[in-house]
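Asks: To start, I am sharing the structure in question, which I have written as structure tokens.
The values are calculated or read from the model by the stated rules, or taken from the named source; none is laboratory data. Nothing here was measured: the structure is a model prediction, and the numbers come from that model. Here the Cβ positions follow ideal geometry from the backbone for every residue, glycine too, while neighbour counts run over all protein chains shown.
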Amino acid sequence: MPVVYGPHPDDVKAVAPPNSYILAEVIYRKIFHLIYRFFSLKKTVNELKVKVYFAYAQAALRVRHFRRFAKRQQRAYRLLPSELILHRMSLSYSPPHA
């Protein structure tokens, strides 16, 4: 099947039978559209990777702070790890005063 490049598409349609040729403009348009979609998806994926990385880093920082806090509390109160969790809960919750 011939690929036609150069003449106006209407001139080609007037001379050649339908579905007997491929216009180069159509191929280029599809290729450029695919390239555009690829780079826009790549940009979206990169933005998502950055968001995931920072969410992971923030979570890791929280875990690190909690571990430091846990070690300090464990040393200060001589608590076992299971008791530490209960102690932490009692520090963060205060019942309403009646």
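Asks: Please go through (1) in contact with a helix residue (DSSP H, G or I) (Cβ under 8 Å, 6 or more places away or on another chain); (2) at pLDDT 85 or above; (3) of a type in the set (Phe, Trp, Tyr) for residue 56 and return the number of the only condition it doesn't satisfy.
Replies: (1)
Asks: At pLDDT 85 or above, more than 22 Å from the chain's Cα centre (by Cα) and surrounded by 10 or more Cβ atoms within 10 Å (Cβ to Cβ), is that true of residue 67? Give the derivation first.
Replies: Details: at pLDDT 85 or above: no; more than 22 Å from the chain's Cα centre (by Cα): yes; surrounded by 10 or more Cβ atoms within 10 Å (Cβ to Cβ): yes.
Considered against the rule, which asks whether it is at pLDDT 85 or above, more than 22 Å from the chain's Cα centre (by Cα) and surrounded by 10 or more Cβ atoms within 10 Å (Cβ to Cβ), residue 67 comes out as no.
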